[in-house]
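Read the figures in this text as sums done on the coordinates, not as results from a lab. On a predicted model such as this, the values are computed, not experimentally measured, just so you know. All Cβ positions, even for glycine, are placed from backbone atoms using ideal geometry, and neighbour counts span all protein chains on display.
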Amino acid sequence: MAQVTYLEAIRQALIEEMDRDPAVVMIGEDIGVYGGAFKVSAGMLERFGWERIIDTPISETAIIGAAVGMSYQGLRPIAELQFIDFIACCFNQITNFVAKSHYRWGAPVPMVIRGPAGGGVHGGPFHSQNPEMYFVHTPGLKVVYPSTAYDAKGLMKSAVRDNNPVLFLEHKFLYRRIKEDLPKEEYTVPIGKAAVRREGSDLTILSYAAMAHTSLEAAELLAKEGIDAEVVDLRTLLPLDRDTIFASLKKTNKLLVVHEDTRTGGVAGEIAALVCEGAFEELDGPILRVTSLDTPVPFSPPLEERFLPNVEKVAAAARELAKY
Amino acid sequence: MQASLTREQQVELYYYMKLNRSLEERLVNLFRQNKLLGGVYLSVGQEAISVGTAYALGPGDWIAPMIRNVGALLVRGFLPVDIFTQYMARQTSPTQGKDGTSHFGDLKKRHVVSPISMLGDLIPVMTGVAMAGRYLGQNIVTMTWIGDGGTSTGAFHEGMNLAAQQKAPFVCVIENNQWAYSTPVSRQVPVRDLAERARAYGIKSFIVDGNDVLAVWRTSQEAVDLCRAGEGPVIIEAKTMRMRGHAQHDPAEYVPKEMFEYWKQRDPLELYEKYLTNNKLWDAKTRKALEARIERELQAAMETAEQASFPPAELAEQGVYCDGCHTIEAEWKRSKKEVTPPASSVEPVWKVEGFGVKEAPQTADTKAAVEETLAAETPGRQVKSGNGIPAPFTKSSSNGKNAAKPAKPAAKQNVKSKPALVAARKGRR
């Protein structure tokens, strides 16, 4: 069986969902003839036609707005943002119109907002960001950020079928760098469920997206030093899977949170608060975090390397934590 | 297109306008008695627009009202009790107390989308409803309203441009009520007629006297028909006046007294009452009965609302997500096969006509519009700052056919007037 990349897995999910349900349409910039800036929708115009693969002007607010309108009509639109950094342009539509709709007046918004996020590709300040926490802080949305091809496909299918607006973040560093065999048969991955990627007993490294891979690499390195780390991949950031987090902590009693998002106000802080409130007795040491710096994402390779977490930084923090 | 309204329909227009006004008068009283929560945003003087435009739509069409469109909600079948309970934040309100004012809707039956407070956002949303309607084969038209102030938002432009590019069957009604909170139109935009914006989108537009309900209805009918025929979207600019402050707390002292006086003479209800009387469409008895009915309905609605209880506190925690409480189902009016492979397959290439700007095909409409623009240099059309009284109302269309001829200052004068105008604007800041 041919191995499937993270990007191809997303493409497969989109095509299969659009084949399955004519209520699913896509809207975004350059997604049709060009097939999207990263070619996620390559060949989809050919297959589904102009009515279902809708190329728009450069108008992020109008893209999200039109998608909301479509969802009110019972369609399930998937809105692509060419780079997720541009989500700032439609912040109001998403946080005020989309997210509050069901709570305010009982109108569900079954739409997916998807786009490439994350750094490590020297994209600079406006093509590398991780904007998840603006939206994790917005009741009414769901936020997913997969780390594997299998999850990307399964979570996308769940997102399309969800009756709620789902922000689906795709890590562009992973797009073509990872691949795996995917099941032939239909499957979905539930939103709101974390996955234990590596069993361990000494400490828990909690992470997601590209940093899940970094954390796993660090765990292998630590294993050689006699530190047995458990690695948990959150997969969904809103709603958070408290049960899996608490279960892992109960086993290891030590928690290190790793994310590529900047430090202040990142999800690590929220998880630390959750743990202190709900599982304080389980802790044998401080909750540590390895994150990006509190700066914009710098462009030049040595600067971006300093900015981002990496295996060494994760391993160093884990060693500190293991001492407790 | 329905060419004219029956006597009953003409009286019904009055019913909705009067209901709109009387309802809001009661809201003011309730506000003064501290029985309402939040602000009260009135549409006094603008009832003809809400009612006349919404009246031109069919039951399958969609609307999204803004804050001063209680009249449209009433035409669409919402009841006074819905509005009272919204303002009183009761459990029986359409939003169960989750939101107030006109922030409510009904997707399935009345096809009403709830607004949010941020202006302009409904333009792309209603464009999307219209696009979906076409995709589903419904032949519907969507409509929303926006004030003069709201047209300056980015969402307005993005939405109108997308609607135009998509030829969406969407009517955008600009209620030019002269004031965005405390700022007159002349301090918001450098054009007199907001309908001129339509030229930038290459779409049709109308200007109508917003205080003449029949003119509003006729113009809306025309716009709706154009949209249904695939010639949308359309902008209607309705000239009117906000006869109260932005909300009930605002005495609107910044509005020149003469301006209120001028518009008081053009009250849409009084004008229409005269019309109905002069044309013998009603008699004193019918009118009295109608007004008694309105009072009865409002009194009953108000009592019901006042007796309604507040929502239970635990409701605050419910409804963030749809956990299967709704069934999402589109109303298909065409075969799903048409939009499913292989029938949906296309050749993925752009068909580009003209190959360049110079050779780009120009329709008679756009050509006429361009010529007209060149002829009517905008700086010559200065708006008198202050009272904001518009020129005589004319129904015009940007296709040039029925367009009111704008004043044509000589070319020389234009060159001179331009720097003067710039200087004047700078001085004002």
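Approximating the spin labels as points 7 Å out from Cα along Cα→Cβ, the A:Arg306-to-A:Leu293 distance works out to 0.4 nm.
Could you give the longest part of chain A that holds none of the trypsin sites (Lys or Arg not before Pro) found in DSSP loops with at most 16 neighbouring Cβ atoms within 10 Å?
On the way: sites that count: A:Lys39, A:Arg176, A:Arg177, A:Lys184, A:Lys193, A:Arg263, A:Lys323.
So the longest stretch without any such site is A:40-175.
With K and R counted +1 and D and E -1, the other residues having a Cβ less than 14 Å from that of B:Arg266 yield a net charge of -4. For A:Val33 and A:Ile58, what does the FRET efficiency come to when R0 = 22 Å and r is the distance between their Cβ atoms, rounded to the nearest 0.05? Efficiency at R0 = 22 Å is approximately 0.90.
Summary of the geometry: the range A:247-280 and the range B:273-312, compared by the centres of their Cα atoms, lie 61 Å apart. With each label modelled as a point 7 angstrom along the Cα→C-beta vector, the B:Arg187-A:Val196 pair spans 6.6 nm.
The B:Asp225 and A:Thr188 beta-carbon pair, evaluated with R₀ = 41 Å, returns a calculated FRET efficiency of approximately 0.35.
Globularity index of the protein assembly as shown is 1.07 (Cα radius of gyration / 2.2 N^0.38 Å, N = number of residues).
The string of couplings for the range B:229-243 from the Karplus curve (6.51, -1.76, 1.60, θ = phi - 60°) is 7, x, 10, x, x, 10, 9, 10, 9, 9, 7, 7, 8, 7, 8 Hz, one whole number per residue in order, with x for Gly and Pro. Charged side chains reduced to their Cβ positions (Lys and Arg at +1, Asp and Glu at -1) give the range B:7-338 a dipole of some 580 debye around its Cα centre.
Over the C-alpha trace of chain A, radius of gyration and Dmax come out as 19.4, 60 angstrom.
Segment B:Glu331..B:Asn29, full-extension length gain: 104.5 nm, with 0.36 nm per residue of separation and the alpha-carbon distance subtracted. Here's how it looks for B:Met143: its modeled amide H is under 5 Å from those of B:Trp62, B:Ile63, B:Ala64, B:Val171, which are all 5 or more places away or on a different chain.
Counting only DSSP beta bridges whose two residues both lie in chain A, roughly 20 percent are antiparallel.
Under a model in which nothing but the beta-carbon of Lys, Arg (+1) and Asp, Glu (-1) is charged, the protein assembly as shown shows a dipole of about 2880 debye around its Cα centre.
Using DSSP to define loop residues, name the trypsin sites (Lys or Arg not before Pro) in the range B:179-249 whose beta-carbon has at most 13 other beta-carbon atoms within 10 Å. Within the range B:179-249, no trypsin sites (Lys or Arg not before Pro) qualify (loop, at most 13 other Cβ atoms within 10 Å). Just to confirm the number: angle between the C-alpha axis of helix A:60-72 and the first principal axis of chain A, 0 to 90 degrees, nearest 10? With both axes taken from Cα atoms, the answer is about 70 degrees. I want to verify a result. In a Gaussian network model of chain A, Cα cutoff 10 Å, which of these has the top mean-square fluctuation: A:Pro110, A:Pro298, A:Pro139? Evaluated over chain A, the most mobile residue of the options is A:Pro139. When both bridge partners sit in the range B:154-280, DSSP labels roughly 15% of those beta bridges antiparallel. Please give me the summed charge of the neighbours of A:Trp105: other residues whose Cβ is under 14 Å from its Cβ, Lys and Arg +1, Asp and Glu -1. Charge balance near A:Trp105 sits at +3. Here the simple spin-label model places points 7 Å from the Cα toward Cβ, and for A:Glu277 and A:Ala223 these points are separated by 3.5 nm. For the range B:25-44, the residues whose amide N sits under 15 Å from a probe point set 7 Å from the Cα of B:Glu306 along the beta carbon direction are B:26-37. Structure note, pairs A:Lys193/A:Lys313; A:Lys193/A:Lys323; A:Lys193/B:Lys98; B:Lys264/B:Lys285; A:Lys142/A:Lys193; B:Lys35/B:Lys257: Cα-Cα distances above 19 angstrom occur for A:Lys193/A:Lys313; A:Lys193/A:Lys323; A:Lys193/B:Lys98; B:Lys264/B:Lys285; B:Lys35/B:Lys257.
Toward the positive end of the charge dipole of the protein assembly as shown, with +1 on the Cβ of Lys and Arg and -1 on the Cβ of Asp and Glu, the farthest Cα among B:Pro59, A:Val231, B:Tyr275 is that of B:Tyr275. Summarising the amide proton neighbourhood of A:Asp261: residues at separation of 5 or more, or on other chains, whose placed amide H is nearer than 5 Å comprise A:Ser292. Whole-Hz Karplus values for the range B:270-279 come out as 5, 4, 6, 4, 4, 4, 5, 5, 4, 8 Hz, taken residue by residue from phi with 6.51 cos²θ - 1.76 cosθ + 1.60 and θ = phi - 60°; glycine and proline positions read x.
Please give the length that would be gained between A:Ala42 and A:Asp21 if that part of the chain were fully extended, namely 0.36 nm times their separation in residues minus their C-alpha to C-alpha distance (nm, one decimal).
Result for the pair: 5.6 nm of gain on full extension.
Remark: the A:Arg263-A:Lys313 segment gains 16.6 nm on full extension, using 0.36 nm per residue and subtracting the alpha carbon distance. The aspartates and glutamates within cross-link reach of B:Lys109, meaning a Cα-to-Cα straight distance under 17 Å and a gap of 8 or more places when in the same chain, are B:Asp61, B:Asp82, B:Glu329, B:Glu331. Residues whose amide H lies under 5 Å from that of A:Leu238, counting only those 5 or more places away or on a different chain, are A:Val143; hydrogens are built 1.01 Å from N in the peptide plane. Each residue of the range A:91-105 was assigned a 3J(HN,Hα) from its phi angle through the Karplus expression (A = 6.51, B = -1.76, C = 1.60, θ = phi - 60°), giving 4, 5, 4, 6, 7, 9, 8, 5, 5, 8, 4, 5, 5, 5, 9 Hz with x at Gly and Pro.
Can you find, among A:Pro139, A:Gly106, A:Pro309, the residue farthest towards the positive end of the dipole of the protein assembly as shown? Put +1 on the C-beta of Lys and Arg, -1 on that of Asp and Glu. The residue sitting farthest along the positive end of the dipole is A:Gly106. Listed by chain and number, the aspartates and glutamates placed with their C-alpha closer than 14 angstrom to that of A:Lys100 are B:Asp99, B:Asp121, B:Glu317; residues fewer than eight positions away on the same chain are left out.
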